[in-house]
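Asks: Below you'll find the structure I mean.
The values are calculated or read from the model by the stated rules, or taken from the named source; none is laboratory data. Values in this document were obtained by computation on a predicted structure and should not be read as measured data. Backbone-built Cβ (ideal geometry, glycine too); neighbour counts: all protein chains shown.
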Amino acid sequence: MTKVTIGVDLGDQYSQLYVVDAAGTCVETGRVRTTRAGLERWFAGQAPARVVLEAGTHSPWASRALQALGHEVLVANPRKLRGLYENDSKDDRVDAEYLARVGRLDPALLKPITHRGAAAQADLAVLHARDALVRTRTQLISHTRGVVKALGGRLPRCSAEAFARRASGDVPAELQPALAPVLAQVQQGTAAIRAFDRELERRCAEQYPATARLRQVSGVGPVTALAYVLVLEDPRRFARSRAVGAYLGLRPRRSQSGERDPQLGITKGGNPFRRRLLVQGAQYILGPRGPDCDLRRHGERIAARGGKNAKKRAVIAVARKLAVLLHRLWISGAVYEPLRHSTALAQAS
C-alpha cells in the first residue's frame with residue numbers, strides 16, 4: 001500500500017505540492033518549477049508515492065514524467081472536482097491539499113483519466129492544427145462576404161476551396177485594398193489544408209491502418225477516423241462499445257429526484273473535437289446526400305416523433321450510435337453492412 005500521497009496543483013510557472021502520510025497528516029509542503037527538470041529534481045529523490053494531478057495543459061507530459069520515476073500517478077477529472085472550485089478560500093496550496101486528501105482516502109472519487117501517449121498526442125496536434133486552419137478560413141470567408149454585402153454587392157455561392165478564385169473577380173474595386181490580402185490568406189489557408197489532408201491520408205495508411213475499418217461508414221473520412229483512433233487510442237479500454245458514447249459526452253445528463261426525472265441535454269464530457277466530428281458525420285448521414293442505412297433510419301424515426309428540437313435530438317442520437325458502431329468495427333474488424341439491422345428484422349418477420 002502506498003504510504004505517502006502527494007497532491008500537485010500544476011501551475012504555468014510553479015506547481016504547489018502537499019504531502020500527506022497514511023494517517024492523513026501533512027508532512028511537507030512546497031513548490032517546484034513546472035518544468036520537466038523541476039519535477040524530476042524534487043520527485044527523483046522521493047520513495048514511490050501516489051501522486052494526484054488535475055487534468056490540464058501540463059498534466060499529459062507531467063504524468064508521463066512522474067510515472068517514469070516510479071510513482072503511481074492519478075490524473076483527476078476536473079468535472080468531478082466541484083468542491084475544489086466552490087471553495088471560498090481557494091488557492092494553489094488548498095487545491096493541492098484537496099487533491100492529496102481525496103487521493104489518499106478514495107481515488108475512485110477523482111474519476112481518474114488516462115492520458116494518451118506522446119506519439120498519439122503529437123499526431124492529434126496535426127488534426128488540431130488543420131482544424132484551426134479550417135475555422136480561420138471560414139471566419140475570413142464570412143468576413144469577406146459580410147463586407148461586400150454591406151456595400152450592396154454579393155459574392156457567388158461556392159465551396160470554401162474555390163472561394164478565393166471565384167470571389168476575387170466580384171469584389172468591388174473600392175474594397176480591393178481591404179479584401180485582396182484577406183483573399184490571399186484564404187488561398188494560402190486552402191493550400192495548407194490540402195497539404196494537411198495529404199499528410200493525414202499518409203498517416204492513416206502507414207501508421208493507423210485501423211482507420212480503414214472505420215471509413216467503411218459513409219460520412220466518416222480520414223479526419224474523423226484518425227481522430228477517433230487517436231482519442232480512444234486503445235479500443236479495449238471499453239468493456240462494452242456502448243460505453244464509448246458516454247465517454248465522448250454524447251450521453252444525456254440526468255437529474256432524477258423522487259418522481260421527477262426531466263429530459264436533459266448531453267453531458268458534453270470528453271473530447272469536444274472528437275464529439276464535433278461525430279456530430280458532423282451524423283448530420284451528413286441524415287442530410288440529403290446521406291445513404292440509406294440503419295443509422296439514417298434510426299435518426300428519421302426519432303425526428304418523426306416531432307416535438308421541440310426533434311431534429312437536434314435525432315442528430316445526437318445518430319452521433320452516439322455512430323460512436324458505438326465505429327468501436328465495434330474497430331474491435332471486430334468486420335465488414336460494414338449499412339442495413340444489417342433492418343435486414344435482420346425483415347427476415348425475422
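Asks: Residues in the stretch 144-158: is at least one touching a residue at least 40 places away in the same chain (Cβ under 8 Å), surrounded by 13 or more Cβ atoms within 10 Å (Cβ to Cβ) and at negative phi?
Replies: Yes - at least one qualifying residue is present in the stretch 144-158.
Asks: Return the only residue of Arg260, Arg275, Arg237 being loosely packed, with under 14 Cβ neighbours inside 10 Å, without any contact (Cβ under 8 Å) to a residue 60 or more places away in the chain and either of a type outside the set (Phe, Trp, Tyr) or farther than 13 Å from Ala319 by Cα (or both).
Replies: Arg260
Asks: Being in contact with a helix residue (DSSP H, G or I) (Cβ under 7 Å, 6 or more places away or on another chain) and buried (at least 16 other Cβ atoms within 10 Å of the Cβ) is the filter here, so list the residues in the stretch 20-32 that pass it.
Replies: Val20, Val32
Asks: Suppose the filter is among the charged types (D, E, K, R), free of Cβ contacts under 8 Å to residues at least 24 places away in the same chain and either touching a strand residue (DSSP E or B) at 6+ places or on another chain (Cβ under 9 Å) or closer than 29 Å to Val126 by Cβ (or both); does Arg213 pass it?
Replies: Here the answer is no, as Arg213 does not meet what is asked.
Asks: From Ala304, Ala314, grab the single residue that is among the aliphatic types (A, V, I, L, M) and surrounded by fewer than 13 Cβ atoms within 10 Å (Cβ to Cβ).
Replies: So the residue among Ala304, Ala314 that is among the aliphatic types (A, V, I, L, M) and surrounded by fewer than 13 Cβ atoms within 10 Å (Cβ to Cβ) is Ala304.
Asks: Quick one: which residue in Arg116, Arg50, Arg79 is at pLDDT 85 or above and among the basic types (Lys, Arg)?
Replies: Checking each option against the conditions leaves just Arg50.
Asks: Okay, next question. Could you say whether any residue in the stretch 23-41 is of a type in the set (Val, Ile, Thr), under 14 Å from Asp95 (Cβ atoms) and in contact (Cβ under 8 Å) with a residue 40 or more places away in the chain?
Replies: yes
Asks: Then there is this: Which one is surrounded by the fewest Cβ atoms within 10 Å (Cβ to Cβ), of the residues in the stretch 45-56 that are farther than 15 Å from Val94 by Cα and touching a residue at least 12 places away in the same chain (Cβ under 8 Å)?
Replies: In this case the residue turns out to be Ala47.
Asks: So Ile266 ticks every box in (1) surrounded by 15 or more Cβ atoms within 10 Å (Cβ to Cβ); (2) closer than 29 Å to Leu345 by Cα; (3) at pLDDT below 80 but one. Which box is left unticked?
Replies: (2)
Asks: Something else about it: Residues in the stretch 208-215: is at least one touching a Gly at 6+ places or on another chain (Cβ under 7 Å) and closer than 24 Å to Leu325 by Cβ?
Replies: The answer is yes, given that some residue of the stretch 208-215 is touching a Gly at 6+ places or on another chain (Cβ under 7 Å) and closer than 24 Å to Leu325 by Cβ.
Asks: Same structure, new question: Applying the selection to the stretch 211-234, what residues are at pLDDT 95 or above and surrounded by fewer than 18 Cβ atoms within 10 Å (Cβ to Cβ)?
Replies: Ala212, Gln216
Asks: OK, next. Which one of Ala173, Ala191 is over 30 Å from Pro338 (Cα atoms) and under 30 Å from the mean Cα position of the chain (by Cα)?
Replies: Ala191
Asks: Of all residues in the stretch 7-48, count the ones that are charged (D, E, K, R) and not in a helix (DSSP H, G or I).
Replies: The total comes to 6.
Asks: Working only within the stretch 33-44, note down all residues that are surrounded by 12 or more Cβ atoms within 10 Å (Cβ to Cβ) and within 30 Å of the chain's Cα centre (by Cα).
Replies: Passing the criteria: Arg33, Thr34, Thr35, Arg36, Gly38, Leu39, Glu40.
Asks: Something else now. In the set Ala184, Ala129, Ala108, which member is under 29 Å from the mean Cα position of the chain (by Cα), exposed (fewer than 14 other Cβ atoms within 10 Å of the Cβ), over 30 Å from Lys3 (Cβ atoms) and not β-branched (Val, Ile, Thr)?
Replies: Residue meeting the stated conditions: Ala129.
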